[in-house]
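Bear in mind these aren't lab numbers, they're just calculated from the coordinates by the rules spelled out. Model, not experiment: these values are computed from the prediction. Here Cβ is always computed from backbone atoms with ideal geometry, including for glycine, and neighbour counts include all displayed protein chains.
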Amino acid sequence: MFTPRSILRLGTPPYFFQPLQVLRRLRLEYLWRSKQEAFVTLPWGLPIKINPHETIGFNIASQGLYEIGVTETLWRLTEPGDLAIDAGANIGYMTSILGIRVGPKGKVICFEPHPEVFEALRENVEIWKRDGRCGSFVLHKAALGAENGQALLRTSDWFRTNRGTAWISNKVEASPDAKLIEVPIQNLDSFLNAGETIGVLKMDVQGYELGVLQGMTQLLKRRAVRDIVFEEEASYPAPTHKYLKSNGYSIFGLQELFARVRCLPDAQPVFDVGIGPVPNYLATLDPTRANALLGPAMWRSFGPCRLIAN
């Protein structure tokens, strides 16, 4: 049963919170929760298969979007022909944005270690491969980290209602509801060919961001990754921010506003610890370009402006 507070937690900004919308959300909940799976057409025209009984799927089913700030940031920063990396691809929502934006000459490489979630990702990508607007997709049932080998992927009871909560951890964590899966782990330095460059790297790896960055030291050293969009739970400046700044990146907190995303230089976005979402950041080698692309008002990834602005 959803309370008004939990409804907000699903992604509705507080300034949109009104009684009529609560009723509408509850009606949508009844509609979608009666189904085990469903297809939803995203604003950019790609269908996605979702599970309405878990958080990510229900957000997409009820709003048509998920994490608007990250959606918009990826939409604006990704260029035709880019090589894009989706670390922690889940069912592929962000992958779909990258696939459309890189275009037929670009490529998206996805990493998703959880076997069940990877299968959902694979099913969605197989559909998108038939769409001529998309780039090529390469999928890896593996995690990204500092070294190549095997790692423990952990889930708790939360995974039943939010399949984006699995995490890699080398620590011994005693929990009665914890489940462990051994999964392959790779580092990006050994994966990409010398000379390859990445336009956009999106990371949502549940606290393992620093490990992913430590596995791409050579890429960072040769300035081969233009933009990195990532989630960070720790307060600014966290070790991830310091590591990226030491490699020449400018850091911006991504603050969702009424009609766009604002880049906050060297600052943490305002958020509610109880409601969320977890703060997201942009690390970029070209802050002038990033500010120019993210500065104009009105959403470009959805709504009327998507049809008239690139």
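Can you list the residues, at least 5 places off or on another chain, whose amide H is less than 5 Å from the amide H of LEU144, using H built in the peptide plane? Here the answer is GLN186, since their amide H atoms fall under 5 Å of that of LEU144.
When the C-alpha to C-alpha distance is required to be over 26 Å, the pairs from LYS49/LYS141; LYS107/LYS141; LYS105/LYS242 that qualify are LYS105/LYS242.
Extension gain, ARG306 to THR217, is 28.4 nm, computed as 0.36 nm per intervening residue step minus the present C-alpha separation. Scalar couplings 3J(HN,Hα) for segment 190-195, obtained by applying the Karplus form with A = 6.51, B = -1.76, C = 1.60 to θ = phi - 60°, are 7, 8, 8, 6, 4, x Hz; x denotes Gly and Pro. Taking the simple approach of a point 7 Å from Cα along Cα-to-Cβ for both ASN148 and ARG133, what is their distance in nm? Label-label distance for ASN148 and ARG133, simple model: 3.8 nm. Taking the Cα centre of segment 98-155 as reference, the dipole from Cβ charges on Lys and Arg (+1) and Asp and Glu (-1) amounts to some 340 debye. Karplus-derived 3J(HN,Hα) values for segment 92-102, using 6.51 cos²θ - 1.76 cosθ + 1.60 with θ = phi - 60°, are x, 4, 5, 4, 5, 5, 4, x, 5, 6, 6 Hz; glycine and proline are entered as x. The packing ranking, built from the mean of other Cβ atoms within 10 Å per residue, places the peptides 88-98, 55-65 in the order 88-98, 55-65, highest first.
Going by a ≥ b ≥ c, the root eigenvalues of the Cα gyration tensor, does segment 45-97 fall in the rounded group (a/c under 1.5), the prolate group (a/b larger than b/c) or the oblate group? Prolate is the answer for segment 45-97, as a/c is 1.5 or above and a/b outweighs b/c. Straightening the chain between LEU257 and PHE39 buys 75.6 nm, computed as 0.36 nm per residue apart minus the Cα-Cα spacing. By DSSP, the beta bridges lying fully in segment 196-293 are antiparallel in about 75 percent of cases.
Here the peptides 141-149, 214-222, 38-46 are ranked by packing, the mean other Cβ count within 10 Å, and the order with the highest first is 141-149, 214-222, 38-46. Around the Cα centre of segment 41-87, unit charges on the Cβ atoms of Lys, Arg, Asp and Glu (plus for the first two, minus for the last two) sum to a dipole of about 180 debye. Taking 7 Å steps out from each Cα toward its Cβ at LYS105 and LYS179 produces label points 4.5 nm apart. Between the beta carbons of THR197 and GLU116, assuming R0 = 22 Å, the FRET efficiency works out to 0.10 to the nearest 0.05. Once C-alpha pairs closer than 8 Å and six or more residues apart are averaged by separation and normalised to the residue number of segment 192-310, the relative contact order reads 23 percent.
Farthest towards the positive end of the charge dipole of segment 104-155, among the residues ILE127, GLY149, HIS114, is the Cα of ILE127, using unit charges on the Cβ of Lys, Arg, Asp and Glu.
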